[in-house]
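Data block below; observations after.
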Amino acid sequence: ITALGRLSGNVVGFVANNSAVASGQIDIAAAYKNARFIRFCNLYNIPIIFMEDTTGFLPGKEQEQGGIVQAGRAMLDAIIDLRTPRFLLIIRNAFGGAYASFNNYPTGADFVIALPTTRAAVMGPAGINFVYKDEIKAIQQSKQGRVAQQAEQLEASGMSKADALIESERLIELWVKEQEAFLSQRYENELLNPKEALSLGSISQIVMPADLRQVLGENMAFHLRHYKPEPMYGPQREFH
């Protein structure tokens, strides 16, 4: 979504992910649309507020064959070339390559803030399989031994050997799901928490929704006071 609006009396461009469509993933058309709008704002000295809620670039054979890498590069070039004040507001999800390129501090953002609902990481919930791979491996390796131990206990309590084996397998599967759910919640709390991004310097502030307009308005006014609008000189990067 791209639009022009006003914030504290100043004309501002807004670039936002539409999370109602494909979880806000950026496809070829969206990347080029963003690039064109960002260039427009750059030409006419219009500051931009990026509003992020995306799980990354849209994957798939069709996107790769259509040139999603080229489109993503065009969007990233437009962001890097921006000379106007530019902010990033993370609303909810910020995952993958889109998180790494959607106007953050490494690409030149002036101010990055997040709502308390933010979940920011290089990988989404699937990252649990890499972060806690040793724990998951240990759980899977202990299954067989736990099944045998549980079966012995059930058999000792009077259950037949066949029934004890079936019941023990069911109980251990429930235990495995509980352990995986625990690791998933731990991943959410420790790594997807916006406080983790704040401690790493990826964001500057966690803002409550009620204070959002004031925080954005005050910081935009500050940056505009130190920005000198002038004509755009020299060639811009080409993209198709």
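Would you kindly identify the helices (runs of 4 or more DSSP H) lying entirely within the range 48-142 that contain at least 3 residues that are not aliphatic (A, V, I, L, M)?
61-66, 68-80, 96-101
Go through the range 196-236 and count every residue that is in contact with a Pro (Cβ under 6 Å, 6 or more places away or on another chain) and assigned to a loop (DSSP other than H, G, I, E, B).
The total comes to 1.
Within the range 33-44, work out how many residues are within 21 Å of Ala94 (Cβ to Cβ) and touching a helix residue (DSSP H, G or I) at 6+ places or on another chain (Cβ under 6 Å).
Residues in the range 33-44 being within 21 Å of Ala94 (Cβ to Cβ) and touching a helix residue (DSSP H, G or I) at 6+ places or on another chain (Cβ under 6 Å): 3 in total.
Name every residue in the range 83-103 that is surrounded by 21 or more Cβ atoms within 10 Å (Cβ to Cβ) and among the hydrophobic types (A, V, I, L, M, F, W, C), in order of residue number.
Selection gives Phe87, Leu88, Leu89, Ile90, Ala94, Phe95, Ala98, Phe102.
Ala181: surrounded by 14 or more Cβ atoms within 10 Å (Cβ to Cβ) and either in contact (Cβ under 8 Å) with a residue 24 or more places away in the chain or more than 17 Å from the chain's Cα centre (by Cα) (or both), yes or no?
Spelling it out, it is not the case that Ala181 is surrounded by 14 or more Cβ atoms within 10 Å (Cβ to Cβ) and either in contact (Cβ under 8 Å) with a residue 24 or more places away in the chain or more than 17 Å from the chain's Cα centre (by Cα) (or both).
Would it be correct to say that Ile172 is assigned by TED's automatic domain parsing to the domain that holds Ile79 and either surrounded by 15 or more Cβ atoms within 10 Å (Cβ to Cβ) or modelled with pLDDT under 85 (or both)? Steps first, answer last, please.
Details: assigned by TED's automatic domain parsing to the domain that holds Ile79: no; either surrounded by 15 or more Cβ atoms within 10 Å (Cβ to Cβ) or modelled with pLDDT under 85 (or both): yes.
Spelling it out, it is not the case that Ile172 is assigned by TED's automatic domain parsing to the domain that holds Ile79 and either surrounded by 15 or more Cβ atoms within 10 Å (Cβ to Cβ) or modelled with pLDDT under 85 (or both).
Can you tell me how many residues within the range 1-55 are without any contact (Cβ under 8 Å) to a residue 60 or more places away in the chain, crowded, with 18+ Cβ neighbours inside 10 Å and among the charged types (D, E, K, R)?
Residues in the range 1-55 being without any contact (Cβ under 8 Å) to a residue 60 or more places away in the chain, crowded, with 18+ Cβ neighbours inside 10 Å and among the charged types (D, E, K, R): 3 in total.
Contact list please: Cβ distance under 7 Å, first residue in the range 148-161 and free of Cβ contacts under 8 Å to residues at least 40 places away in the same chain and farther than 12 Å from Ile172 by Cβ, second residue in a helix (DSSP H, G or I) and among the aromatic types (Phe, Trp, Tyr), pairs at least six apart or on different chains.
Hits for this filter: zero, empty list.
Which condition number does Ile90 fail, the rest of (1) modelled with pLDDT under 90; (2) within 12 Å of the chain's Cα centre (by Cα) being met?
(1)
Might you let me know whether the range 185-208 holds any residue that is exposed (fewer than 12 other Cβ atoms within 10 Å of the Cβ) and at pLDDT 90 or above?
The answer is yes; a qualifying residue exists.
The values are calculated or read from the model by the stated rules, or taken from the named source; none is laboratory data. Fair warning: this is a prediction, and the values are worked out from it, not measured in the lab. We place every Cβ from the backbone using ideal geometry, glycine too, and count neighbours over all the protein chains shown.
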